[in-house]
Amino acid sequence: MTHPTPGTPETPSGATRAPLAEGEAPESTPLERVKKAYDLVSDVVSPKTIGIVVAALAIIVAGLVGGWDTVEAVDKDVPTVEAGTPLATGPFEVTLLRAYSTDGIKPAIYPAQGKRYLVVVAAIKASGTEPQWANQLREVITLSAPGLDQKAIQPTVYRLSDGKIAGQAQPSMTTEVVCVWEQRSSAPIPPTAQLRVDQRSWRQSTLDGSFYWLDPDPIAVVHLPITQLDRP
Amino acid sequence: MIRASRETLLTILLIVAALAVGNVITARLPKADEVANLPFVHTAALGVPVTMRTGTFAVTKVDASPIVGTQLDTAVTGGLFLVLTVDVTASGEPLYPASDDLRIVASDGREFGGRPPVREVCGPAQPGLTLTCMLPVEITPDALAGSRLRLPAANRDIVGPGESEYAEIDLGISADAAAELAGRTTPILLAKPTVKGK
Amino acid sequence: MDADAPSVADEPATPRHATADRRWWDRNKLWLLLLAPLLALALAASGFRFARLYLPWNYTRPQVTAGTTLTFNQDWAYQAKLKGHRQATLTVVSVRTAESEDGRKAAPGAILYRIELEFSAAPDVLMEGCKVFLLGPDGTMYGRGSGTVDLPGAMPGFSLSCVPRDAPGPSIDAVHDVIKTSERERPATWRVVESIALPEGVKPTQVRVQWDPPDYALLGVGT
């Protein structure tokens, strides 16, 4: 690429002009001005370099205005649904029915010092064609109440028909189950049980390649009025 | 800018085409994994013994009730408990049959089973001595007709691939038999596993 | 390079083909040497599928004697937390048929065998948790808890006592993950009795005793 040597400005028509007098600015088109500016730095800066610098500036400026900040998970509005609404959670279709508080219901739920039990009755039906472990309800239902031990593995799930620990829920068959949470008896009994229901997807874990119910996604909130039982 | 000559361009196109063709071929050919994981299935019918690597198994009787129990415990279901009487003769070493891993498979593909709410633990079956167990399975009445038992040769190992050998035993339940079974209400007492004399 | 001008100092011409090969070996010597170890590493890295073959989770190492006495040696580990060594002398005292033993008798079609063993070990050796089997002539294993009928009114023991009840010696406290030991020191030698029902017509030919995998002991039944 050859550059026009400074000192002989050329008008578009090709005619040369008289040399500039001192202090007199040349009349040049904007394009000529840009070209002149480029000419001054063209030995250092190539189009590629300019591209890289522009991109870097764009990244930095984006960062300055918050483009690289962690995006908070969008707290979408989770709809509140009535008790008795069937909810598709992934492993089961869950219908939350009633809630109770009690100091114990023998023989399944033994009274113990300092403990109270919050009980939710639900109907579950395994989706798909295979049995699903009923205690997977722990992964799709969350109870908010004061005095619950957040680290304990809860709730414990029993069958309503015979009080046995719930094993697997069968497909196409609705089983009524009783979910029992332990609460410190020093905490107050809430007037309603606030239950958040999540939906999960059956997918391969990126950690070990096995399939699990993963990616909890809240789909509904249910408020069940709590009836106090107190039948030790 | 790379000055792509005609040769370079052609080479790139050829490589891409070869990769695409290779992709299509490998997608259609059976993979070693799929072949290695093909199950070993033995088909049989009610009353017919099936021999697998862990022993010989036969389903001798089918009963049903909404209530089953042991001496200590009773379970009730809103559906039905199908109770299978199974004869197990282990071979090679003592065996606990896969009573939690077995499934009753309905004609539409639904599978029923898993750890039942009450059970009499079936096993250990001594090699050479036939052990008779009663195994309950919770099921819906509409799944009975045409159902079959899928019994794995052994319980699932904690580590390692799932069991790949099983028996598919047709329980021989016709639509009429299914209706009759569904109507039964007498509670069934699960007997302790017993050794069948010769 | 001017190929047309011969010079006295020129090397005799070598075929171009051989020259190129030699240079290839030379150029890639390091990576060629590393090829074998890297391949081995790659195979090992994909070895998770074969975990059951190389991890000691099955009983694969028998210590055998045709006689009735064996000194058994193995290392044991409890999860990743505790480990130790087990050295014991095992002796088959007798293998006899019996009408009944420990509240059980043989079921119809079976014969009950009473196996008496003598164990001898230092008092600090962990000896709990053993299993005893009888082997038939074809190698079939027969174990406890099957082929027997409880005698009416009897309370049969649930599991085999591998160590004296009143002085069991060391045992693993699974709650605290430590080895605890009994107050009374275990005697240097003690007897263990097991009963196993075999199908009629099958004679036991070996006694198998095992604790943790992969080692196990095989002894003869004696006369």
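Taking the criterion of being polar (S, T, N, Q) and part of a loop (DSSP other than H, G, I, E, B), the residues of the stretch B:120-132 that qualify are B:GLN126, B:THR130. When C:VAL149 is tested against the conditions (1) more than 14 Å from chain B (Cβ to nearest Cβ); (2) closer than 23 Å to C:ASP102 by Cα; (3) surrounded by 15 or more Cβ atoms within 10 Å (Cβ to Cβ); (4) touching a residue at least 40 places away in the same chain (Cβ under 8 Å), the lone failure is (1). Remark: pairs (first residue in the stretch A:164-182, at the interface with another protein chain (Cβ under 9 Å from one of its Cβ atoms); second residue among the basic types (Lys, Arg) and not in a loop (DSSP other than H, G, I, E, B); Cβ separation under 6 Å; 6+ apart in sequence or on different chains) = A:ALA166/A:ARG159; A:THR174/A:LYS125. Evaluation of B:THR74 against the conditions (1) within 12 Å of chain A (Cβ to nearest Cβ); (2) hydroxyl-bearing (Ser, Thr, Tyr); (3) under 20 Å from A:GLN132 (Cα atoms) shows that the sole unmet condition is (3).
Residues checked against (1) touching a strand residue (DSSP E or B) at 6+ places or on another chain (Cβ under 9 Å); (2) in contact (Cβ under 8 Å) with a residue 12 or more places away in the chain; (3) away from every other protein chain (no Cβ under 11 Å); (4) not in a loop (DSSP other than H, G, I, E, B):
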{"position": "B:VAL118", "(1), (2), (3), (4)": "yes, yes, no, no"}
{"position": "B:MET134", "(1), (2), (3), (4)": "yes, yes, yes, yes"}
{"position": "B:ALA145", "(1), (2), (3), (4)": "no, yes, yes, no"}
{"position": "B:ILE158", "(1), (2), (3), (4)": "no, no, no, no"}
{"position": "B:GLU163", "(1), (2), (3), (4)": "yes, yes, yes, no"}
{"position": "B:TYR166", "(1), (2), (3), (4)": "yes, yes, yes, yes"}
{"position": "B:ILE173", "(1), (2), (3), (4)": "yes, yes, yes, no"}
{"position": "B:ASP176", "(1), (2), (3), (4)": "no, no, yes, yes"}
{"position": "B:ALA191", "(1), (2), (3), (4)": "yes, yes, yes, no"}
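Being under 40 Å from the mean Cα position of the chain (by Cα), at pLDDT 85 or above and over 30 Å from A:VAL121 (Cα atoms) is a description that does not apply to A:VAL81. Those strands (runs of 3 or more DSSP E) of the stretch A:69-150 in which 3 or more residues are touching a residue at least 12 places away in the same chain (Cβ under 8 Å) and farther than 30 Å from B:SER107 by Cβ occupy A:92-102, A:115-126, A:141-144. Considering only the stretch C:181-204, state which residues are in contact with a strand residue (DSSP E or B) (Cβ under 7 Å, 6 or more places away or on another chain), within 14 Å of chain B (Cβ to nearest Cβ) and in a loop (DSSP other than H, G, I, E, B). Once the filter is applied, which keeps residues that are in contact with a strand residue (DSSP E or B) (Cβ under 7 Å, 6 or more places away or on another chain), within 14 Å of chain B (Cβ to nearest Cβ) and in a loop (DSSP other than H, G, I, E, B), the stretch C:181-204 yields C:GLU200, C:PRO204. For the stretch C:134-141, check the following and say yes or no: at least one residue is within 14 Å of chain B (Cβ to nearest Cβ), in contact with a strand residue (DSSP E or B) (Cβ under 8 Å, 6 or more places away or on another chain) and part of a loop (DSSP other than H, G, I, E, B). Taking every residue of the stretch C:134-141 in turn, at least one turns out to be within 14 Å of chain B (Cβ to nearest Cβ), in contact with a strand residue (DSSP E or B) (Cβ under 8 Å, 6 or more places away or on another chain) and part of a loop (DSSP other than H, G, I, E, B).
C:LEU112 meets all of the listed conditions (1) buried (at least 17 other Cβ atoms within 10 Å of the Cβ); (2) assigned to a loop (DSSP other than H, G, I, E, B); (3) within 14 Å of another protein chain (Cβ to nearest Cβ) but one, namely (2). In the stretch B:1-59, how many are within 25 Å of B:LEU102 (Cβ to Cβ) and either of a type in the set (Phe, Trp, Tyr) or not in a loop (DSSP other than H, G, I, E, B) (or both)? Number satisfying all stated conditions: 16. Applying the criterion of being among the β-branched types (Val, Ile, Thr) and under 29 Å from the mean Cα position of the chain (by Cα) to the residues of the stretch A:179-221, the residue that is nearest to B:ARG119 (Cα to Cα) is A:VAL180. Across the stretch B:77-112, the qualifying residues are those that are in a loop (DSSP other than H, G, I, E, B) and within 14 Å of chain C (Cβ to nearest Cβ), and the one among them that is nearest to B:GLY47 (Cα to Cα) is B:PRO97.
Residues of the stretch A:209-232 that are surrounded by fewer than 14 Cβ atoms within 10 Å (Cβ to Cβ) and in a loop (DSSP other than H, G, I, E, B): A:GLY209, A:SER210, A:ASP230, A:ARG231, A:PRO232. Number of residues in the stretch B:78-99 that are surrounded by fewer than 17 Cβ atoms within 10 Å (Cβ to Cβ), touching a residue at least 40 places away in the same chain (Cβ under 8 Å) and closer than 17 Å to A:ALA169 by Cβ equals 0.
The set of residues in the stretch C:187-223 that are free of Cβ contacts under 8 Å to residues at least 12 places away in the same chain and of a type in the set (A, V, I, L, M) is empty.
The residue list B:ALA32, B:ALA64, B:ALA20, B:ALA75 contains one member that is more than 16 Å from the chain's Cα centre (by Cα) and loosely packed, with under 10 Cβ neighbours inside 10 Å, which is B:ALA32.
Note on the stretch C:1-78: enclosed helices (runs of 4 or more DSSP H) holding 2 or more residues that are loosely packed, with under 11 Cβ neighbours inside 10 Å and modelled with pLDDT of 90 or more are C:29-45.
The values are calculated or read from the model by the stated rules, or taken from the named source; none is laboratory data. Note that this is a predicted model, so its numbers are computed, not measured. When we count neighbours, we look across all protein chains shown, and the Cβ atoms used for this are built from the backbone with ideal geometry, even at glycine.
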